[in-house]
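Notes to accompany the following structure.
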Amino acid sequence: MTTFEDILEEAGKFGRCQMRIVSIFCLVSVPFSFVYVGIVFQGFTPEHWCRDPGVIEIRERCGWSLQDAHRATVSLMNSSTGVTYSQCQKLDMDWNATGLTCDNPESELTQAQLSTLPMTGCTDGWEYDYEGRQSFVTEFDLVCADAWYVDMFQAALSVGFLVGSITIGYLADKYGRMKSFLMTNFFIGVTGILVATSPNYIALLVFRVLFGFGVKGGWMVGYVLITELVGVEYRRMVGVTYQLFFSLGILILPLLAYFIPNWRWLQVVFTIPYFCFLTYYWFIPESPRWLLSQNKRNEAMEITKAIAKENKKTLSKIIETLTDENTDSISTASFMDLFKTSKLRKFTFILSFNWFTSAVVYQGLIMRLGILGGNVYVDFLISGIVELPAAFLILLTIERIGRRLPFAAANIVAGAACLITAFIPDSMFWLKSAVACVGRLGITMAFEMVVFVNTELYPTIIRNLGVSVCSTLCDIGGIVAPFLLYRLAVIWLELPLIIFGALAFVAGGLVLLLPETKGVPLPETIDDIECPNSYKCMQFLLVI
């Protein structure tokens, strides 16, 4: 029998055809990064305070700036981040009766005087120090008692990820990688526009869930497809490159957000690429590995011949015996197959926990930039640059050292950096920022590695489903992360970092229990998991 790995030896393990397909599919990662962390800009919560009609009247009459009126009419209060201006209460007074003049507003009423006056709630809405820009927070007034609605915006996306990744993963294993990919991208395009045109916050959440339903599933299908088209020694390179484009998207995002100040138009820009991906119908073939797993041998042969032709290779007669070892026993993927053997159960648990940890820590560190103050565009860009070395460090280590040790080390370094950052005083700003960047680098490496390690550990028949199911814990982590960050930061700004550090340490320890996959061919059957070397296993059984 001739396997697909044997055919790739002749057709080309990473020839011109695979280079073209991988290059085209890498573009899918760019808008995925926009969607994944776009909340930093779409849901940015600027400095805000209660709107007071009396203050607005004085400001317009005197020609004060928004900041002048803010300093003169808003009292200070204690918070978890120190002494700040009150955001959720206003002074209960008639400003026209204070005798406040236009000449020097800051000297008219001292903070000591303001602090003794009675307070009331923000009955007239809020003012935002966000001139010329609009996030959905400023549009729907999602601050103070309604601040948790911002958490729901990101959680809604992760709910969509959770349901969509399982559903689309199943469809990709049953009906094909490309059919599922194209169908998903059309759905993403439609729902993405609906998000941008949401008339109210409830509609926004509903469309956000539907939008997330397609985005991650489509991205995972692309990852699995390019992995299945190349030889074993090129898997890590295409996998890391695919995710490197995610990091490039992180660098592009703050530039887009800076030049597109309205969150609705920013959503439209996030969505347009998914309509463009529909053109892949004419450029990308179905996975021959998947076709073989579904007993579609003739179609697999035709696509394999086309790959060889584009790579300027010639196939010998052995292609006539091209088959899949598993076609006689299993033709469809089943959820229970992920728990069928002891090793598969162990893989599923450890990989699921690492997906969860990577999502919580990665999203938490990025969204934390939005609550630290400073220039969010510059801070986001700098932190994004830190991600780029992650891909190169992976490429330098995984073929020399292996997968397991760099994977575990990345988690442990990220955990240590989070814990250290939490206890560095704010006065040591640059040291605090540098250590936080090390944590961001470590968790980026861990996030990138969990994807292709997950792909390498499952056999072809359940590979897409296995990656999709394990990554659902990533989506649960995405649901938890915003609540964990924003609500705990109210208690103590650094408290989320301690949680992040503990999770990353545990994840790193569990990784050491996984087998090494360096240089190991992709398993084709479930039996390959329990018995990696079929010939030796057969000899062992014969002896018994």
I need every pair where a residue in the stretch 483-494 that is closer than 17 Å to Met152 by Cβ has its Cβ under 8 Å from the Cβ of a residue that is open to solvent by 30 Å² or more (accessible area, probe 1.4 Å) and part of a loop (DSSP other than H, G, I, E, B), sequence separation at least 6 or different chains.
Ala489/Ser80; Val490/Ser80
Return yes when Leu457 is aliphatic (A, V, I, L, M), assigned by the TED database to the domain that holds Phe356 and open to solvent by 20 Å² or more (accessible area, probe 1.4 Å) and no when it is not.
no
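Per-residue answers, yes or no, for (1) in contact (Cβ under 8 Å) with a residue 60 or more places away in the chain; (2) over 21 Å from the mean Cα position of the chain (by Cα); (3) not assigned by the TED database to the domain that holds Ser23:
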site: Ala147; (1), (2), (3): yes, yes, no
site: Gln154; (1), (2), (3): yes, no, no
site: Tyr175; (1), (2), (3): no, yes, no
site: Met178; (1), (2), (3): yes, yes, no
site: Phe181; (1), (2), (3): yes, no, no
site: Phe187; (1), (2), (3): no, no, no
site: Val206; (1), (2), (3): no, no, no
site: Val232; (1), (2), (3): yes, yes, no
Looking only at the stretch 438-448, decide whether some residue is outside the structural domain of Tyr234 (by the TED database) and surrounded by fewer than 19 Cβ atoms within 10 Å (Cβ to Cβ).
yes
Among Thr184, Thr167, which is open to solvent by 10 Å² or more (accessible area, probe 1.4 Å), of a type in the set (S, T, N, Q) and out of contact with any Cys (no Cβ under 9 Å at 6 or more places or on another chain)?
Thr167
Scanning the stretch 290-318 residue by residue, the ones that are farther than 21 Å from Gly176 by Cα and touching a Cys at 6+ places or on another chain (Cβ under 7 Å) total 2
Any idea which residue in the stretch 239-296 is nearest to Ala390 (Cα to Cα), counting only those that are modelled with pLDDT under 90 and surrounded by fewer than 17 Cβ atoms within 10 Å (Cβ to Cβ)?
Phe283
Has the stretch 490-510 got at least one residue that is closer than 30 Å to Lys174 by Cα and part of a helix (DSSP H, G or I)?
no
Any hit, the stretch 370-391, residues being outside any helix (DSSP H, G or I), open to solvent by 30 Å² or more (accessible area, probe 1.4 Å), of a type outside the set (A, V, I, L, M) and on the phi > 0 side of the Ramachandran plot:
yes
When you look at Ser433, is it hydroxyl-bearing (Ser, Thr, Tyr), loosely packed, with under 14 Cβ neighbours inside 10 Å and either farther than 21 Å from Val453 by Cβ or not assigned by the TED database to the domain that holds Ile382 (or both), yes or no?
no
Say whether the condition of being surrounded by fewer than 18 Cβ atoms within 10 Å (Cβ to Cβ), at negative phi and modelled with pLDDT under 85 is met by at least one residue in the stretch 522-530.
yes
Those residues that are at pLDDT below 65 and under 25 Å from Pro523 (Cβ atoms), I need them from the stretch 303-325; list them, please.
Ile318, Ile319, Glu320, Thr321, Leu322, Thr323, Asp324, Glu325
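The values are calculated or read from the model by the stated rules, or taken from the named source; none is laboratory data. Computed from a predicted model, the values in this text were never measured in an experiment. A quick note on method: Cβ atoms are made from the backbone with ideal geometry, for glycine too, and the neighbour counts reach across all protein chains shown. For the accessible areas, the whole protein counts, side chains as well, though only heavy atoms, and no ligand, DNA or RNA atoms are used. Shrake-Rupley method; radii C 1.70, N 1.55, O 1.52, S 1.80 Å.
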